[in-house]
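Chemist: Take a look at this one; I'll ask things after.
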Amino acid sequence: MVLSITGLGMVTSVGLDVVQACASLRAGLTRPRQLVYFPVLDEESQERVPVMGHPIQGFTDGFGPVGRWIRLARGGVDDLLSLGQVPGREDSDFWRRTGLIWVGPVLDESRFMEARQLRPDVLTSTFCLQLKKALELPLVSDCHAIHQGHAGMAAALQYASRQLSRSAVERFLIVAMDSYLDMLSLEWLQSHRRLKSPDVPVGLMPGEAAACILVESPLSARRRGITPQASVSAVSVGQEHDPFVTQRPRVGQVLADTIVDVLTKAPGPTGAFQGDIISDLNGEVWRASEWGHARVRLGDRLDESHRLVISGTSLGDTGAASGAVALCVAVRSFLRKYASSSRSLVVSSSEHGWVGAFVVSAEA
């Protein structure tokens, strides 16, 4: 099923709303800061220096992982409601027909103390209750949680597409958020030598963000008299046998197969894909190698004129929020007329093995 996109909201380190954030990303703005609470040893100088990251200054300060997720989610939903296309919190009839999908990080017990203490399933159910309460929306349906890291947005769109044709809800609010900036997440990244530092120049810069997307069937949008901002015309999700933590190289086969699958399913021109490819590349060698191998395998499925867009250049690695951020970037590029074509391809790859791809089209 084609999904109509009828609402967007976003909170990032370069803008606290989707309009400002996407304009900043287009302009190449970036606001890295020293994470003074997390110094690492520079082996050459034997001095401890702060890691650089992309916090949302003044917005998430002082919060642990769960608190950051709630704060980010609330900010993204507030932005979505402020833009005016979506009814306010008082419209109970609208929201009781709306499902909620939480896209979050993999609840790895080596990264999250809360997952060790409560077990991932208990943490999920507890957080879903807290999330619904914090959003202050009269949602009736249960929250569906997806923990597939970077590929979570693709999985959420796939789930929404299947469920809208068989459930009582008319639309889904997808809330994606993640942060690598709490102490334990930074320690987890450091333990795998993934943080960019004087001794690891090809590591990632940790970031945080939230993005909220309202999706519904084209029929539902027409019934409400709403003109969709764009549409998701095809989605595909795959899984590598060897996640990053196994230290085995990614050869890009599953990622290439996933991209071929989504391009085959997407309506429109049947030739080589032309347009923006919005990627979650973040500076790490394994991710760049995977994309390079996949690009070779794709051959002429991608036109040489395609443009690679990397939001992480401005935001750092935003984890499970990256796919939703990419979708917002694609939609805003259509609305502001700076996209290179009427279709964009979003490509995501999680360190835990999941990969995802989806096509966003300007024609709603």
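Chemist: Scan segment 297-312 and give yes if some residue there is farther than 24 Å from I174 by Cβ, of a type in the set (K, R) and either in contact (Cβ under 8 Å) with a residue 40 or more places away in the chain or open to solvent by less than 10 Å² (accessible area, probe 1.4 Å) (or both), otherwise no.
Modeler: So far as segment 297-312 goes, yes, one or more of its residues are farther than 24 Å from I174 by Cβ, of a type in the set (K, R) and either in contact (Cβ under 8 Å) with a residue 40 or more places away in the chain or open to solvent by less than 10 Å² (accessible area, probe 1.4 Å) (or both).
Chemist: Looking at (1) open to solvent by 10 Å² or more (accessible area, probe 1.4 Å); (2) modelled with pLDDT of 95 or more; (3) polar (S, T, N, Q), can you tell me which one T12 breaks?
Modeler: Of everything listed in (1) open to solvent by 10 Å² or more (accessible area, probe 1.4 Å); (2) modelled with pLDDT of 95 or more; (3) polar (S, T, N, Q), T12 misses just condition (1).
Chemist: Output the residue which, of all residues in segment 165-186 that are touching an Asp or Glu at 6+ places or on another chain (Cβ under 7 Å) and of a type outside the set (K, R), is nearest to L345 (Cα to Cα).
Modeler: So, considering only residues that are touching an Asp or Glu at 6+ places or on another chain (Cβ under 7 Å) and of a type outside the set (K, R), the one nearest to L345 (Cα to Cα) is D178.
Chemist: Answer yes if at least one residue in segment 202-217 is farther than 19 Å from V77 by Cβ and free of Cβ contacts under 8 Å to residues at least 12 places away in the same chain, and no otherwise.
Modeler: For segment 202-217, residues farther than 19 Å from V77 by Cβ and free of Cβ contacts under 8 Å to residues at least 12 places away in the same chain: absent.
Chemist: Just one of the numbered conditions (1) β-branched (V, I, T); (2) at pLDDT 90 or above; (3) open to solvent by 10 Å² or more (accessible area, probe 1.4 Å); (4) closer than 30 Å to R224 by Cβ is not true of I101; which one?
Modeler: In the conditions (1) β-branched (V, I, T); (2) at pLDDT 90 or above; (3) open to solvent by 10 Å² or more (accessible area, probe 1.4 Å); (4) closer than 30 Å to R224 by Cβ, I101 misses (3) alone.
Chemist: To continue, here is another question. How many of the residues in segment 109-118 are open to solvent by 20 Å² or more (accessible area, probe 1.4 Å) and not in a helix (DSSP H, G or I)?
Modeler: The total comes to 2.
Chemist: Related question: Given the criterion within 16 Å of L137 (Cβ to Cβ) and outside any strand (DSSP E or B), identify the matching residue among V19, V106, V86, V66.
Modeler: Criteria check complete, one pass: V86.
Chemist: Check off (1) open to solvent by 20 Å² or more (accessible area, probe 1.4 Å); (2) among the acidic types (D, E); (3) in a helix (DSSP H, G or I) for D79 and give me the number that stays unchecked.
Modeler: That leaves (1) as the condition not met.
Chemist: Moving on to the next point. Looking at the structure I just gave you, is W354 aromatic (F, W, Y) and touching a strand residue (DSSP E or B) at 6+ places or on another chain (Cβ under 6 Å)?
Modeler: yes
Chemist: Continuing with this model, one more query. Testing G283 on (1) assigned to a helix (DSSP H, G or I); (2) more than 15 Å from the chain's Cα centre (by Cα), one condition comes back false. Which one is that?
Modeler: Of (1) assigned to a helix (DSSP H, G or I); (2) more than 15 Å from the chain's Cα centre (by Cα), only one is false for G283: (1).
Chemist: Something else now. Filter segment 249-276 down to residues that are without any contact (Cβ under 8 Å) to a residue 40 or more places away in the chain and polar (S, T, N, Q) and give me whichever is nearest to K337 (Cα to Cα).
Modeler: Per the criteria, the residue is T270.
Chemist: Further, regarding this structure: Would you say M183 is under 21 Å from F63 (Cα atoms) and surrounded by 23 or more Cβ atoms within 10 Å (Cβ to Cβ)?
Modeler: no
Chemist: Out of the residues in segment 255-279 that are open to solvent by 30 Å² or more (accessible area, probe 1.4 Å) and of a type in the set (A, V, I, L, M), state the one that is farthest from V359 (Cα to Cα).
Modeler: Of everything passing the filter in segment 255-279, A272 is farthest from V359 (Cα to Cα).
Chemist: Given the structure, is A294 open to solvent by 20 Å² or more (accessible area, probe 1.4 Å) and in contact with a helix residue (DSSP H, G or I) (Cβ under 6 Å, 6 or more places away or on another chain)?
Modeler: So A294 does not fit the description; no.
Chemist: Still on this structure: If you check every pair at least six apart or on different chains, which have Cβ atoms under 6 Å apart with a residue in segment 344-358 that is farther than 13 Å from D257 by Cβ and assigned to a strand (DSSP E or B) first and a residue that is open to solvent by 10 Å² or more (accessible area, probe 1.4 Å) and among the acidic types (D, E) second?
Modeler: Matching pairs, first to second residue: S348/D280.
Chemist: In addition: Considering only residues that are farther than 14 Å from T313 by Cβ and free of Cβ contacts under 8 Å to residues at least 24 places away in the same chain, which ones fall in segment 24-40?
Modeler: Those that are farther than 14 Å from T313 by Cβ and free of Cβ contacts under 8 Å to residues at least 24 places away in the same chain: Q34, V36, P39.
Chemist: Which is of a type in the set (D, E), within 30 Å of V200 (Cβ to Cβ) and either open to solvent by 60 Å² or more (accessible area, probe 1.4 Å) or assigned to a helix (DSSP H, G or I) (or both), of D93, D61, D121?
Modeler: D61
Chemist: Now a separate question. Give me the residue from segment 205-226 that is within 24 Å of the chain's Cα centre (by Cα) and open to solvent by 10 Å² or more (accessible area, probe 1.4 Å) and, out of that set, farthest from I70 (Cα to Cα).
Modeler: Top of the filtered list is P218.
Chemist: Of (1) in contact (Cβ under 8 Å) with a residue 40 or more places away in the chain; (2) surrounded by 17 or more Cβ atoms within 10 Å (Cβ to Cβ); (3) in contact with a strand residue (DSSP E or B) (Cβ under 8 Å, 6 or more places away or on another chain), L189 satisfies all except one. Which?
Modeler: In the conditions (1) in contact (Cβ under 8 Å) with a residue 40 or more places away in the chain; (2) surrounded by 17 or more Cβ atoms within 10 Å (Cβ to Cβ); (3) in contact with a strand residue (DSSP E or B) (Cβ under 8 Å, 6 or more places away or on another chain), L189 misses (1) alone.
The values are calculated or read from the model by the stated rules, or taken from the named source; none is laboratory data. None of the values given here were measured: they were computed from a predicted structure. Methodologically, a virtual Cβ is constructed for each residue, glycine included, from the backbone with ideal geometry; neighbour enumeration extends over all protein chains shown. Just the protein is used for accessible areas: all its heavy atoms, side chains included, with ligands, DNA and RNA removed. Shrake-Rupley method; radii C 1.70, N 1.55, O 1.52, S 1.80 Å.
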